[in-house]
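Take a look at the structure below.
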Amino acid sequence: MALIEAGHLFSQHSLNTYLRCKRRFWLKYIAQQPWPMPEQENLSEYQAHLARGRTFHQWVARALLGVDADLLGQAAAACGDEALLAWWLAFGRFDLSIVPEGLREVELPLIVPLGEYRLYARYDLVAFSPSGEAVIVDWKTLERLPSWRVMRERVQTRVYLYVLASAGHIVTGGAPLDPSRLEMIYWFAPFEEMFRIPYSRREFQAHRQALLRLVEEIAASPPEAFVPTENPRECAFCNYRSLCGRQEAPRDPSLNWLDEEIDFALDLDEAIEMTY
Amino acid sequence: MAPFDDLAQELTPEQRRVVSFAREGGASLLVRGLPGTGKTTALVRRLAAMVSEGRRPYEILVLVPQRAPGDRFERALSVLQAPTRGGAEIVTFYSLSRRGVALFWPLVAAQAGFAHPEREPVFLTLETAQYYMWRIVEPLIREQGYFNDLAIPRGRLLSQLIDNLNKSALVGFDHTDIYARLRGAWVGAQDRLHRFWQAQDCATRFRAFCLEHNLLDFSLTTEVYCRYLLANLVYRRYVQARYRHLIVDNLEENVPVAQDFIAWMLTWCQSAVLALDERGGHRIFLGADAEGALEVGQRCQETLSLSRLLKPTEHLLAFVDAVNANIGARAAPAAPQGEAHRATVVSGGGETRYWISMLRWVAEQVAALVAQGTAPGEIALIAPYVSDVMRFAVEEELARYDIPVHLLRPATPLRDDPIVRGLLILLCLAHPHWALEFGGEPYALSEEDVALALKVALAGLDPLRARYLALEAWRGEGLLPLADSAPARLWERVGFQVREPYETLRSWLETYRQGPPEPLDILLSRLFGDLLSRPGFGFYQQPEAARAYGRLVESTRKFREAVMSDGEDPTRVAREYVQLVLRGVASAEYLLDWPRPPRPDAVILGPAYAYITRDMRSEYQFWLDLGSDGWLNRPNQPLTHPYVLSRRWPIGRPWRDVEEEEARRETLARVLTGLAARCNRGLYLAFSELGLDGAEQRGRLQMAIVTVLARIKRYA
Ligand code: SF4
């Protein structure tokens, strides 16, 4: 039986995980295997960082949805978390006028078909101008500032731009979007730094091919193909390391899974509910 | 392919009408019919059609009463070759409420009376809500004798107190009216009124506590959403800009405030199609309001009835109509066209005296059906409730024929999982000073407890050897060092390979005890990473066991997040958690814990209620234990009342035996009709003269069935 059935939902997280370690992809996204080993030595700090990232995203979403700025300011002032407050104040200085003023969608999930499968993206903010421009803004709370080049090559960048180019017209109700009029902005709250990444028709075509090839490769893989990564440095911050026998992996702080975990937690939150 | 049947099925003309029903102009349609007449399929196809048309699927809200039916909509979307918005629109009313309150919290927090509107809210799980309720109730029991004449387990006491609050929110009455409503309906002894007052007092205190600490349990989330957020202009504009089309499945299983929301949407949305199961309303214990559903449905501009049933189902329904008439239910026949004597009904009554022989007969019949080519997954064994004894007995009987069983059941309390229990005991061993108390009585660990903890933590221990090790390793406090002092034969009997892991575990716990205390989730994760997932320990290469471990870590984390204040000593919270779970409070369900879909190679075993509310269908059904009164009785809930705490029951109107009798009959009739409507071919009826407890069984349902069967026989 195929491990991955038609209609399977891929996301930037799952694809990125696959590219970094096939086994982790299998464990986390297919087997949904809990393995409650701490990702980092200081687990409390790690969890606090996750929680702070989620709260920050929530506050920004509220601001963009039109909740009274005074009310939000009071909450930020009372939060008692300096880092969170600093991010929030930094957000206050973010120049929103650089994104189009037309339709603005906050926390927008979009799904597009990709071959027999589906690809999912969840946008912090997408702004569309009536003339066909669209800008994605993604708020980042990473502890380290990566390079522009790294961000441009990220799976997230490709997936987000590709999904928007394919399905943005569903949101606007207008004509299909021209990829060359799309842009992705990463804004790093701790550094007040912004990376702007343009898009093009050529990249759209190339990404489509590459993403399709990738999901087809994953879907066609037999169970034994989901092997541990050859780069043991990936394992140092992976919770599966005692399952894989990789406890002694060399540590490289730039290779943690934190960013993925924050986004993953945001997605999961959507799905959690209580039966009553 | 089975999961996508909804998209593959040939539609009837009525179903096609549902699919093509207008998308614009405020059009609204009510679709009615018995279960199995294709309403959900029609709704799924309508959603798929709208999405395929590219009609801004972004704006379609699909409202379902619980998550399971929502999967059919999600699955259909998953195979469409059309860009769709993410699955977020297929929601329950609670998840809509919770998301709304979380996102727009600053808009309503002060108005709703929260003491710290500037702080983020904390949403409670069932576990944490029970914990806080317990903190309120426990001193009242201890110091003021609350509920002292009530002999019900703590978990059930708490769930009824919380249930009252939930009912008030879902029905939409003020939580301070619980007492007036319960008192007004009570016709029995006066001392019960006192208990109602105490229940009210607990609800009032609990609510005040939540408001003081920014805690939102299920009831308060729902109330804040309905009373404040839906009245807020910013939010109303957001909802109106966001959703333009409405699809509602199982309207009759939804709660009054959700029905109010639907009624509001009908006044402005572009299109709405609502589906209503006739004879539904099974979730009445969870606040479902079938009459209210009909009232909302009648606001639709058009109504369409779907009536096409499979012939065998129609005959089975006619059979059930006759049974229902015999027990005195008032409902009109569900299948007037059906012929009871043509129903495929096989009775095992008369021949079976003992309960176990009834199950043996059932297993024989199941095996015969499987031998004739029916897939086990197409067979359902249904009882009023499924005890562990029944489950084991059924599994054993069917194992003779190599047929596995898939059990339908709600979330298991954490402590029922031996792995979780073992880990909790291990935590007690790490904190020997804890002095646990259950119901005011000190709780001392036993050797069995310690043996279980050692068996879970160390690899290669069977219960006998774990017991032997526990005898030597534990003298009432923490684990003892055994390297030098153990009797010579200890490791011979227990196994030398256990020696080193045991010592490592013991010294790890010892080191932990000497360091600063840690929150439980962090302690458990470290213990797992440092030791238990490594060679020689219980979770080494044990992914299935790790699922239970993961469940416990998740539960402890949520508990800490909801309960621990900044700077607080984590051991107090840890102790409270362990006490709470060992006392058997249900665990909150979360994503990874959701029941997996039944396997096609396993016979389904479950309570009637779970089978119906998950909207299952089978080729053959076996109704078990028909002589049991469990079919007719409802759970004993001395502190709450599903009928009285509803919109249908005016304050002050007494609820007498005659109402109780009638409610039971009507509920049973609804259950039987709900079951028969979900059976494609044949029904097997299983009785025994003696029940599981050896007592004579002559339940009213059994009598009615026997009478109807005799009549049919004569007719045939
Ligand atoms: S420990 Fe290493 S090999 Fe194993 S799943 Fe994690 S990253 Fe992959």
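General observations
- Annotation: amide H-H contacts under 5 Å for B:L458 (H modelled 1.01 Å from N, sequence separation of 5 or more, or interchain): B:G538.
- Partner shielding of A:163-170 amounts to 3, given as the average count of beta-carbon atoms from other chains within 10 Å of each residue beta-carbon.
- Computed over the range B:444-512, the percent of Cα pairs more than 20 Å apart is 16.
- Here the range B:116-223 is assigned +1 on the Cβ of each Lys and Arg and -1 on the Cβ of each Asp and Glu. Its dipole about the Cα centre then comes out at about 340 debye.
- Per-residue packing, averaged as other Cβ atoms within 10 Å, sorts the ranges B:428-438, B:166-176 into the order B:166-176, B:428-438, beginning with the highest.
- Farthest positive-ward along the protein assembly as shown dipole, Cα basis, beta-carbon charges - from B:L317, B:A399, B:L170: B:L317
- Across peptide A:110-117, the average count of Cβ atoms from other chains found within 10 Å of a residue's Cβ is 4.
- Taking 7 Å steps out from each Cα toward its Cβ at B:L464 and B:R681 produces label points 4.6 nm apart.
- The range B:644-716 - charge dipole about Cα centre, Lys and Arg +1 at Cβ, Asp and Glu -1, debye rounded to 20: 480 debye
- Sites matching trypsin sites (Lys or Arg not before Pro) across the range B:420-476 that sit in DSSP coil, with at most 10 neighbouring C-beta atoms within 10 Å: B:R475
- Exposure proxy shown here: for A:D70, B:D601, B:D163, the number of other Cβ atoms within 10 Å sets the order, fewest to most, as A:D70, B:D601, B:D163.
- The mean number of partner chain beta-carbon atoms within 10 angstrom of a residue's beta-carbon across peptide B:98-110 is 4.
- Each Lys or Arg adds one and each Asp or Glu takes one away; over the other residues whose Cβ falls under 13 Å from the Cβ of B:V187, this sums to +1.
- Based on C-alpha pairs under 8 angstrom that are at least 6 apart in sequence, chain B has a relative contact order of 21 percent.
- With K and R counted +1 and D and E -1, the other residues having a Cβ less than 12 Å from that of B:A112 yield a net charge of +1.
- Potential lengthening between B:S52 and B:R409 on full extension [0.36 nm per residue; Cα-Cα distance subtracted]: 124.9 nm
- Extension gain (nm, one decimal) between B:E24 and B:D566, 0.36 nm per residue minus Cα-Cα: 189.9 nm
- Per residue, the convex hull spanned by the alpha carbons of the range B:140-268 comes to 146 Å³.
- Scattering curve values for the range B:414-583, log₁₀ I(q)/I(0), Debye with Cα scatterers, q = 0.10, 0.12, 0.15 Å⁻¹: -0.35, -0.51, -0.81
- In this Cβ point-charge picture (+1 for Lys and Arg, -1 for Asp and Glu), chain B has a dipole of about 1640 debye about its Cα centre.
- For the range B:7-18, the Karplus equation 6.51 cos²θ - 1.76 cosθ + 1.60, evaluated at θ = phi - 60°, returns couplings of 7, 8, 5, 6, 8, 7, x, 5, 5, 4, 5, 4 Hz by residue, with Gly and Pro reported as x.
- FRET efficiency estimate (nearest 0.05) - Cβ-Cβ, B:A8 to B:E503, R0 60 angstrom: 0.50
- Excluding same-chain neighbours fewer than eight residues apart, the lysines reachable from A:K28 by a Cα-Cα span under 24 Å are A:K140, B:K558.
- Global geometry of chain A, whether rounded, prolate or oblate, following the gyration tensor of its Cα atoms and the 1.5 cut on a/c: oblate
- Amide hydrogen proximity for A:L103: with H placed 1.01 Å from N in the peptide plane, the residues at 5 or more positions away or on another chain lying under 5 Å are A:F128.
- Centre separation in Å (Cα based) which lies between the range A:101-153 and the range A:164-181: 13 Å
- Residues whose placed amide H lies under 5 Å from that of A:M184, excluding near-sequence neighbours: A:I136, A:I197
- In summary, the lysines within cross-link reach of B:K311, defined as a Cα separation below 27 angstrom excluding same-chain residues under 8 places away, comprise B:K39, B:K713.
- Antiparallel bridge percentage (DSSP; both residues within the protein assembly as shown; nearest 5): 35 percent
- Annotation for the range B:135-188 versus the range B:244-321: alpha-carbon center distance of 31 Å.
- Two-site FRET efficiency, B:A189 against A:L65, from Cβ-Cβ distance with R₀ of 56 Å, rounded to 0.05: 0.55
- Beta bridge orientation in chain B: antiparallel %, DSSP, nearest 5: 10 percent
- With R₀ set to 41 Å, the beta-carbon distance separating A:R196 from B:E212 gives a calculated FRET efficiency near 0.30.
- Shape of the protein assembly as shown, Cα gyration tensor, a/c cut at 1.5: rounded
- Placing a pseudo-label 7 Å from each Cα along the Cα-to-Cβ vector at B:A488 and A:E101 gives an inter-label distance of 9.3 nm.
- HN-Hα J in Hz across the range A:77-89 - Karplus 6.51, -1.76, 1.60, θ = phi - 60°, x for Gly and Pro: 5, 8, 6, x, 10, 4, 4, 5, 5, 4, 4, 5, 5
- A simple rule links phi to the HN-Hα coupling: the Karplus curve 6.51 cos²θ - 1.76 cosθ + 1.60 with θ = phi - 60°, which for the range B:558-570 gives 4, 4, 4, 4, 7, 10, 8, 8, 4, x, 7, 5, x Hz, with x for Gly and Pro.
- Most simply put, chain A has about 70% antiparallel DSSP beta bridges, counting only bridges with both residues inside it.
- Burial order of peptide ranges B:334-340, A:166-172 (average beta-carbon count within 10 Å, highest first): A:166-172, B:334-340
- Added length on full extension, which subtracts the Cα-Cα distance from 0.36 nm per residue, B:L480 to B:E295: 59.8 nm
- By the compact-protein rule of thumb, 2.2 N^0.38 Å, the alpha-carbon radius of gyration of chain B corresponds to a ratio of 1.03.
- Shape of the range A:185-226, Cα gyration tensor, a/c cut at 1.5: oblate
No value in this document is a laboratory result; all are computed from the given coordinates. Predicted, not measured: the structure shown is a model, and the values here were computed from it. Cβ: placed from backbone, ideal geometry, glycine included. Neighbour counts: every protein chain shown.
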